[in-house]
Every structure is written in C-alpha cells, then in structure tokens.
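The values are calculated or read from the model by the stated rules, or taken from the named source; none is laboratory data. These figures come from a predicted structure and were not determined experimentally. For neighbour counting, all protein chains shown are included, and Cβ atoms are generated from backbone atoms with ideal geometry for every residue, glycine included. Keep in mind that these areas ignore ligands, DNA and RNA; they rest on the heavy atoms of the full protein, side chains included. Shrake-Rupley method; radii C 1.70, N 1.55, O 1.52, S 1.80 Å.
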Amino acid sequence: MTMAGVTHGGWSVKDVLAHLVEWQQMNLAWYAAGLRGEKPAMPAPGFTLRELPRLNEMIYRKHHRRSLQAVLSDYRSYHESVVELIEALPDADLVIMNRFSWTGPSWTLSDYLRASTAAHYLWARTRIRRWARSQQKDGRA
C-alpha cells in the first residue's frame, strides 16, 4: 500500500487514501462553517476551483510522509463521520438547491458529499485496480 505508481503522479494506495481523507475533512469543515453562518473558503484557503491540481499536490505533500496506519485510521474515521452526517440529515437538507448559502446556486449538499465520497471512491478504485492488475501482470504482486 506504500508502493508508488498508482497514479501518474506516483502516488501509492496510502497517498490515494490520504487524498480521500483530506477531501472528506474539507467537506465536513465546509458544512460546519456553514452552520456557524460563515462562508467557507472553497475548495481551500488560498485556492480556487481552477487550481485543483495545485491543491491536490499540496494534499499529497501534506500526507505523503504519514504512516500507513495513521492514514488508514483517518480514512475509517472520516468516512464514518461523513456517513453519520448523511444519515442524520433530513432529505431536504441534502437535495434542495440553495438550502445552504455556501453550496451555491448549482450544487446541493448531496452533490458536495457525493463528490468527496462516491465519486472520489470510484476514481480511487479505478486507479488502484488498474495499478494492481499491472503489478500482477509484471509479476510484482
């Protein structure tokens, strides 16, 4: 899980999971800021949506040296926190456009949650499976 090469940028499975953790952390932070009446910096302080590659590189550098155990623990914890939030919210909070001022006019809260979970999980699974198959083909697994 720490072998480089899962992504074009050389990330390992651990790095991919850390990426998922960070995006879930950000999503939970956006929601919490919105509840406090604040407008969260999205996607992150000092970044615009056009700068996602730079933000993702910063996320990689932030987590790359962390232990696999720490990343796995955070992955489980943040995934559970997002699932708990989804289960606790009324459907209207998830699907009504403009329900929260910070979500903007074109995305619902469920769109943001899906982007940081299901859509990101699909992205990660696809890369990890492709990499794992290439390892088996090359006789490394």
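One line per residue, one yes/no per condition, for (1) in contact with a Ser or Thr (Cβ under 7 Å, 6 or more places away or on another chain); (2) farther than 13 Å from V21 by Cα; (3) among the β-branched types (V, I, T):
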| site | (1), (2), (3) |
| --- | --- |
| L68 | yes, no, no |
| S73 | no, no, no |
| S81 | no, no, no |
| E84 | no, yes, no |
| N98 | no, yes, no |
| P105 | no, yes, no |
| S110 | no, yes, no |
| A115 | no, no, no |
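In the set A119, A124, A132, A92, which member is touching a residue at least 60 places away in the same chain (Cβ under 8 Å), small (G, A, S) and either part of a helix (DSSP H, G or I) or within 30 Å of G5 (Cβ to Cβ) (or both)?
Going through A119, A124, A132, A92 in turn, the sole match is A124.
If you scan segment 1-44, which residues turn out to be hydroxyl-bearing (S, T, Y) and within 14 Å of H64 (Cβ to Cβ)?
T2, T7, S12
Which ones in segment 34-66 are more than 14 Å from the chain's Cα centre (by Cα) and among the acidic types (D, E)?
Result: E38, E51.
So, of the residues in segment 90-141 that are among the aliphatic types (A, V, I, L, M) and buried (at least 16 other Cβ atoms within 10 Å of the Cβ), which turns out to be farthest from R36 (Cα to Cα)?
Across segment 90-141, the extreme among qualifying residues is I128.
Considering only segment 105-116, I want to know if a residue exists there that is polar (S, T, N, Q), farther than 28 Å from W11 by Cβ and without any contact (Cβ under 8 Å) to a residue 60 or more places away in the chain.
Yes, some residue in segment 105-116 is polar (S, T, N, Q), farther than 28 Å from W11 by Cβ and without any contact (Cβ under 8 Å) to a residue 60 or more places away in the chain.
Any residue at all in segment 53-69 that is modelled with pLDDT of 95 or more, touching a strand residue (DSSP E or B) at 6+ places or on another chain (Cβ under 6 Å) and open to solvent by less than 70 Å² (accessible area, probe 1.4 Å)?
Yes, because at least one residue in segment 53-69 is modelled with pLDDT of 95 or more, touching a strand residue (DSSP E or B) at 6+ places or on another chain (Cβ under 6 Å) and open to solvent by less than 70 Å² (accessible area, probe 1.4 Å).
I'd like the residue in segment 1-41 that is of a type in the set (S, T, N, Q) and free of Cβ contacts under 8 Å to residues at least 60 places away in the same chain and, out of all such residues, is least open to solvent (accessible area, probe 1.4 Å).
S12
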